[in-house]
Amino acid sequence: MNYIHKTPRVCCELSGKCSHNWMYIGPTGNVSQCGRVGEFGTMPYGNIQNQTFEELLHHPFRDEIKNRTSLLKETECKDCRYWMVCHGGCPLDAILTNGNLNTKAPHCDWVKPFLSEYFEPVSGLKIPLQFIEGVDGEAGRGSEERKNRRAEEQKIVR
């Protein structure tokens with residue numbers, strides 16, 4: 001749980017907002033979105049010794065990562081039942097695996113089956129769409145089919 005933003009997140013890569021909620025400053029002053037990215041040296045923002053903190057906070061790459069979430073939500077991850085759980089995964093994983101920031105990370109191949117085939121049946125819990133879509137204010141939007149599916153899932157959860 002992210003207690004600052006009151007959202008059910010357990011780690012940065014699944015937040016969908018890692019570029020604006022995290023920043024890494026390495027021992028030599030190199031700055032990037034997170035420690036993992038810093039270790040790989042990919043997607044750097046610059047160096048705290050050569051740039052102001054303001055310049056680093058407004059680095060254009062931060063917006064590219066932020067825009068990735070919107071793009072994936074309308075393309076590869078459109079209508080994904082688990083969107084609010086994963087947001088297309090870690091941008092670094094997408095770059096390292098696919099060579100492209102604007103693709104979903106490969107963990108999708110195991111997250112979806114794990115949640116639908118193991119977590120939900122074993123726990124008896126079903127991730128409700130209100131959780132999946134309601135956090136960012138999108139509950140109630142979508143096609144008639146999606147609304148009907150949401151209503152059915154609400155019955156199961158209750």
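The numbers here are math on the coordinates, done by the rules we state, and not lab data. These numbers were taken from a predicted model, which means no experiment stands behind them. When we count neighbours, we look across all protein chains shown, and the Cβ atoms used for this are built from the backbone with ideal geometry, even at glycine.
Report ³J(HN,Hα) in whole Hz for each residue of the range 61-72, in order, from the Karplus equation J = 6.51 cos²θ - 1.76 cosθ + 1.60 where θ = phi - 60°; Gly and Pro get x.
5, 4, 5, 4, 5, 4, 5, 4, 4, 5, 5, 5
If each of Ser70 and Thr28 carries a label point 7 Å out from its Cα toward its Cβ, how far apart are those two points in nm?
According to this spin-label approximation, the distance is 3.5 nm.
Calculate the spin-label point distance for Thr42 paired with Phe119, positioning each point 7 Å from the Cα along the beta-carbon direction, and give it in nanometres.
Here the answer is 2.3 nm between the modelled labels.
For a quick check: with amide H placed at 1.01 Å from N, whose amide H comes under 5 Å from Tyr24's, ignoring anything fewer than 5 positions away on the same chain?
Residues meeting the amide H criterion: Ser32, Gln33, Cys34.
Applying a 10 Å radius around every beta-carbon, put 36-42, 52-58 in order of their mean neighbour count, most first.
36-42, 52-58
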